Amino acid sequence: MGQVGWKGFYQSLFDYKTEKYVIAKNKKVGLLYRLLQLSILTYLVVWVFLVKKCYQDTDTSLQSSIITKVKGVTFTNTSELGERLWDVADYVIPPQGENVFFVVTNLIVTPNQRQETCAESESIPDASCKEDSDCPPGEPVVAGNGVRTGRCLRAESAPKGTCEIFAWCPVETKSRPAKPLLGKAEDFTVYIKNFIRFPKFNFSKTNVLDTKDRAFLKSCKFGPKDPYCPIFRLGSVVSWTGSNFQEIALQGGVIGIQIEWNCDLDRAPSECNPHYHFSRLDNKFSENSVSSGYNFRFAKYYRDTAGVEFRTLFKAYGIRFDVMVNGKAGKFSIIPTIINVGSGVALMGVGSFFCDLVLIYFIKKSHFYRDKKYEEVRDLGVLAQLAESSQHSVAPAEVGTGLAEQPEAQDGGGGQKENGCVCQQLLQPARPVDRIKREKEKMGSIFWDLPNICIF
């Protein structure tokens with residue numbers, strides 16, 4: 001960059017730009033501007049204020065507590081357990097009632113297990129052997145039931161056998177029943193009580209109807225017309241997720257119960273109601289997948305008259321229910337209202353900016369509107385210097401070409417004509433500097449027309 005370039009850059013640092021309002025009589029651009037204004041105003045009023053309610057201060061730090069209680073009984077008669085009545089203490093885990101609870105629907109029962117030596121299950125790949133060296137003593141069977149003793153147990157004619165282990169014997173060998181043991185559990189009910197509180201607004205509520213009628217919870221059932229009855233039938237909860245209870249009871253599954261609280265505290269507290277959503281959370285689309293279903297094992301321990309400990313092992317299949325609570329509360333506040341109104345006003349400026357781009361760059365007469373919008377204004381002292389320099393440069397030219405001194409242009413004059421060139425009100429003789437000063441003192445004006453030269 002040369003010396004002239006640096007000088008121009010330095011001088012531009014002290015330039016000041018001010019707005020100039022130009023009324024463009026262009027119907028297309030004017031229509032576009034009004035449409036943009038209407039769109040922005042509609043977005044601000046409908047979406048920002050009516051739908052999103054951005055004029056409110058919100059609280060999303062919801063404090064919640066869940067209490068659950070399952071009720072129902074059923075009767076079974078199996079070879080392992082005989083005749084047995086199942087109540088809440090038998091099929092609900094954990095019994096204290098939390099936001100996550102499990103209902104047993106199917107069982108594999110292995111009774112009377114004792115700690116002794118026996119053959120490992122043939123279904124365990126790591127337990128297969130051909131000779132005793134394949135069963136190093138003291139090492140546990142991977143994914144098995146016990147610790148190897150060093151012996152390989154196999155029939156005389158069989159090429160392979162299984163390792164002998166020290167474990168709770170006999171080991172679990174039975175497969176899952178073809179029908180769910182507690183298939184009638186779909187008629188069980190669960191009571192879900194939810195307390196919520198929004199600390200910012202000190203607002204609390206529960207999903208149970210505030211009534212003194214003690215028979216209310218014994219007779220009501222949850223439904224669209226009764227959202228404040230927290231008694232849910234298990235079969236209905238599963239069906240609301242799009243699943244069949246008997247199918248999910250066979251190999252187990254996970255059901256999500258979501259309680260949503262969206263409260264507008266500018267309204268009455270009675271209009272802050274819970275909304276329930278039910279969904280199946282496990283992989284329900286892969287029935288034969290090894291990852292499908294839900295099960296776990298637990299045992300019940302006993303001692304016989306001789307003091308020997310034994311147990312009954314249960315592999316339980318069932319439905320796990322996860323109760324989740326979320327929500328937010330909103331209340332009018334002047335601060336978010338001012339912020340969002342200011343954002344809307346700023347968006348109006350974006351509409352003007354876009355129309356300016358269209359006006360000065362994309363229409364046919366863009367150069368005309370661009371010249372009207374942007375104007376360069378110089379200081380009076382600079383104008384005087386330019387006038388003086390122009391006077392010295394124009395005078396010799398007039399002598400050399402025989403031009404006579406022209407009278408000053410009058411207001412409303414039609415310009416001058418010479419050798420076929422017409423300069424309309426633009427050609428004016430240079431004014432001396434002292435005359436400029438007198439004119440400035442008399443009229444106080446800072447704008448003067450520069451002398452112009454017609455090029456023939």
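The values are calculated or read from the model by the stated rules, or taken from the named source; none is laboratory data. Everything quoted here is computed from the prediction, not taken from an experiment. Quick reminder, even Gly has a Cβ in these numbers, built from the backbone with ideal geometry, and neighbours come from all protein chains shown. Ligands, DNA and RNA are stripped out before the accessible areas are found, and what is left, the full protein with its side chains, is counted by its heavy atoms. Shrake-Rupley method; radii C 1.70, N 1.55, O 1.52, S 1.80 Å.
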Review point. Could you say whether any residue in the stretch 266-282 is modelled with pLDDT under 90, closer than 26 Å to residue 330 by Cβ, within 29 Å of the chain's Cα centre (by Cα) and surrounded by 14 or more Cβ atoms within 10 Å (Cβ to Cβ)?
Key: no
Check your understanding: Can residue 42 be described as under 30 Å from residue 105 (Cβ atoms) and among the hydroxyl-bearing types (Ser, Thr, Tyr)?
Key -> no
Study note, to complete from the structure: Those residues of the stretch 235-265 which are open to solvent by less than 50 Å² (accessible area, probe 1.4 Å), part of a strand (DSSP E or B) and touching a Cys at 6+ places or on another chain (Cβ under 9 Å) amount to 261, 263, 264
**Study point:** Residues of the stretch 327-353 classified as open to solvent by 60 Å² or more (accessible area, probe 1.4 Å) and assigned to a strand (DSSP E or B), total
**Key:** 3
Check your understanding: Does any residue of the stretch 126-133 turn out to be more than 30 Å from residue 86 (Cα to Cα), among the charged types (D, E, K, R), in a strand (DSSP E or B) and touching a strand residue (DSSP E or B) at 6+ places or on another chain (Cβ under 8 Å)?
Key -> no
Practice item. Would you check which residues across the stretch 46-63 are open to solvent by 90 Å² or more (accessible area, probe 1.4 Å), in a loop (DSSP other than H, G, I, E, B) and more than 15 Å from residue 327 (Cβ to Cβ) and list them? Key: 52
Exercise for review: Pull up the stretch 107-125, narrow it to residues that are of a type in the set (D, E, K, R) and in a loop (DSSP other than H, G, I, E, B), then point me to the one that is surrounded by the fewest Cβ atoms within 10 Å (Cβ to Cβ).
Suggested key: 122
Review point. Conditions: (1) assigned to a strand (DSSP E or B); (2) closer than 21 Å to residue 198 by Cα; (3) not β-branched (Val, Ile, Thr). Residue 75 meets all but one. Number of the miss?
Key: (2)
Exercise for review: Any chance you could count how many residues in the stretch 186-220 are open to solvent by less than 50 Å² (accessible area, probe 1.4 Å) and charged (D, E, K, R)?
Suggested key: 1
Study note, to complete from the structure: Exactly one of 36, 41, 13, 32 is aliphatic (A, V, I, L, M) and either over 30 Å from residue 337 (Cβ atoms) or free of Cβ contacts under 8 Å to residues at least 60 places away in the same chain (or both), and that one is 13
Review point. For residue 43, are the conditions met, namely being modelled with pLDDT of 90 or more, of a type in the set (Phe, Trp, Tyr), open to solvent by 60 Å² or more (accessible area, probe 1.4 Å) and in a helix (DSSP H, G or I)?
Key: yes
Revision key, fill the gap. Here the residues within the stretch 300-313 that are surrounded by 13 or more Cβ atoms within 10 Å (Cβ to Cβ) and either in contact with a Ser or Thr (Cβ under 8 Å, 6 or more places away or on another chain) or assigned to a helix (DSSP H, G or I) (or both) are 312, 313
